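Reading through the structure tokens given below for one structure.
The values are calculated or read from the model by the stated rules, or taken from the named source; none is laboratory data. None of these values were measured; they are calculated from a predicted model. When we count neighbours, we look across all protein chains shown, and the Cβ atoms used for this are built from the backbone with ideal geometry, even at glycine.
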Number of protein chains: 2
Amino acid sequence: MNVEFVNPFLSSLQNVLSMMAQVELKPGKPAMKKDDRARGDVSGLIGMVGPKTKGSFSISFEEGLAVEIMHKMLGEKPTELNEEVIDMVGEITNMVTGGAKRILGEKGFDFDMASPVVVSGHNHTIRHRSEGPKIIMPFSHPAGKAHLEICFDKL
Amino acid sequence: MNVEFVNPFLSSLQNVLSMMAQVELKPGKPAMKKDDRARGDVSGLIGMVGPKTKGSFSISFEEGLAVEIMHKMLGEKPTELNEEVIDMVGEITNMVTGGAKRILGEKGFDFDMASPVVVSGHNHTIRHRSEGPKIIMPFSHPAGKAHLEICFDKL
């Protein structure tokens, strides 16, 4: 998997959060994910299917950051990861993947998106089961961290 | 979503576990899932994309049942939800969805499968974000319970 493929997801995440919630994420350094620990308390997951490959994308938020995004978007600050926060994470997952899909489609790399699923729980784990390497990319914000994960077969 | 669509997933799950591990699951009564609680300690999730719809499927196992399946398949009994059990749940998710895809394809309902993702953690939650109803189907076994969940847009 090359940078040209990962970058659309990174820029799409930053764009979505900046536009929807005026939350600016500072990107860290991408790495290979070697373990299964989710880097957050709530994770949006989405499956992708293209003519030449398939894969999965996830984004995990620490509770503080998820709550802050909700606060910035709606003006009210939930005290926990409630249903509204979970729905918001699902919507963000959809929008980020949709943004990346558009950019990658222009480069001739097409895929379709499944419906997102949101998972939550302190200390949950996520294991992508594609055959390719698992890329993890950290983002920081004063309210907490976010981590994006991408894994594709045969790239 | 009608029974004709759900049944292939149920029979595929029973077939896969019976064939792979000689584990016979007793089906319970399907219901609509109204909350987000995962009915188990480890869940395999997979996205599906068809020309007319998209959705997500998950299967959650209680730890005791996941460990028992592993035991029956490989002869060794892990003491916890380790990496091998997680990989096995991913493989079961793939095989069950593949079996259902074949049956549904014969009926003219085609979809492609994304790569599975496996989530684990005591007290994790799963929220399918398709627009359609979320069907949950319980299965029982002396070693523990399994629950299958299916959700599709526009069926």
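Condition check ((1) closer than 25 Å to B:Gly64 by Cα; (2) in contact with a strand residue (DSSP E or B) (Cβ under 9 Å, 6 or more places away or on another chain)) across all residues:
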site: B:Ile103; (1), (2): no, no
site: B:Lys107; (1), (2): no, no
site: B:Asp110; (1), (2): no, no
site: B:Ser115; (1), (2): no, yes
site: B:Val118; (1), (2): yes, yes
site: B:Gly121; (1), (2): yes, yes
site: B:Ile135; (1), (2): yes, yes
site: B:Pro138; (1), (2): yes, yes
site: B:His141; (1), (2): yes, yes
Pull out all pairs, ordered by first then second residue, where Cβ-Cβ is under 9 Å, the residues are six or more apart or on different chains, the first lies in region B:1-22 and is closer than 11 Å to B:Ile59 by Cβ, and the second is hydroxyl-bearing (Ser, Thr, Tyr). B:Phe9/B:Thr97; B:Ser12/B:Thr97
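Picking from B:Lys101, B:Lys77, B:Lys107, which residue would you name as being surrounded by fewer than 22 Cβ atoms within 10 Å (Cβ to Cβ), away from chain A (no Cβ under 11 Å), out of contact with any Lys or Arg (no Cβ under 7 Å at 6 or more places or on another chain) and within 22 Å of A:Gly55 (Cβ to Cβ)? If you could, list the steps in order and put the result at the bottom.
Values: B:Lys77 fails: within 22 Å of A:Gly55 (Cβ to Cβ); B:Lys107 fails: within 22 Å of A:Gly55 (Cβ to Cβ).
Of the residues listed, the single one that is surrounded by fewer than 22 Cβ atoms within 10 Å (Cβ to Cβ), away from chain A (no Cβ under 11 Å), out of contact with any Lys or Arg (no Cβ under 7 Å at 6 or more places or on another chain) and within 22 Å of A:Gly55 (Cβ to Cβ) is B:Lys101.
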Of the residues in region A:32-44 that are hydrophobic (A, V, I, L, M, F, W, C) and out of contact with any helix residue (DSSP H, G or I) (no Cβ under 7 Å at 6 or more places or on another chain), the one that is surrounded by the most Cβ atoms within 10 Å (Cβ to Cβ) is A:Ala38
Kindly check whether there is at least one residue in region A:14-31 that is buried (at least 22 other Cβ atoms within 10 Å of the Cβ) and touching a strand residue (DSSP E or B) at 6+ places or on another chain (Cβ under 6 Å). no
Tell me yes or no: at least one residue of region B:17-38 is away from chain A (no Cβ under 11 Å), of a type in the set (Val, Ile, Thr) and closer than 30 Å to A:Met113 by Cα. no
Close pairs (7 angstrom Cβ cut-off, 6 or more residues apart or separate chains): touching a residue at least 60 places away in the same chain (Cβ under 8 Å) and within 20 Å of A:Lys34 (Cα to Cα) in region A:121-144, assigned to a loop (DSSP other than H, G, I, E, B) and among the polar types (S, T, N, Q) anywhere: A:His128/B:Ser115; A:Arg129/B:Ser115; A:Ser130/B:Ser115
Please go through (1) closer than 23 Å to A:Ser58 by Cβ; (2) surrounded by fewer than 20 Cβ atoms within 10 Å (Cβ to Cβ); (3) modelled with pLDDT of 95 or more for B:Pro142 and return the number of the only condition it doesn't satisfy. (1)
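Residues in region B:110-155 that are assigned to a loop (DSSP other than H, G, I, E, B), touching a Leu at 6+ places or on another chain (Cβ under 6 Å) and within 12 Å of chain A (Cβ to nearest Cβ): how many? So that I can check it myself, show each step before the final result.
Pass one, region B:110-155, residues assigned to a loop (DSSP other than H, G, I, E, B): B:110-111, B:114-116, B:121-124, B:129-133, B:142-143, B:153-155.
Then keep just the ones that are touching a Leu at 6+ places or on another chain (Cβ under 6 Å); that gives B:132, B:143.
Restricting the remaining residues to those that are within 12 Å of chain A (Cβ to nearest Cβ) gives B:132.
Within region B:110-155, residues that are assigned to a loop (DSSP other than H, G, I, E, B), touching a Leu at 6+ places or on another chain (Cβ under 6 Å) and within 12 Å of chain A (Cβ to nearest Cβ) number 1.
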Between a first residue in region A:72-92 that is within 19 Å of B:Asn123 (Cα to Cα) and a second residue that is assigned to a helix (DSSP H, G or I), which pairs have beta carbons less than 6 Å apart while being 6 or more apart in sequence or on different chains? A:Leu81/A:Glu63; A:Val85/A:Ala66; A:Val85/A:Met70
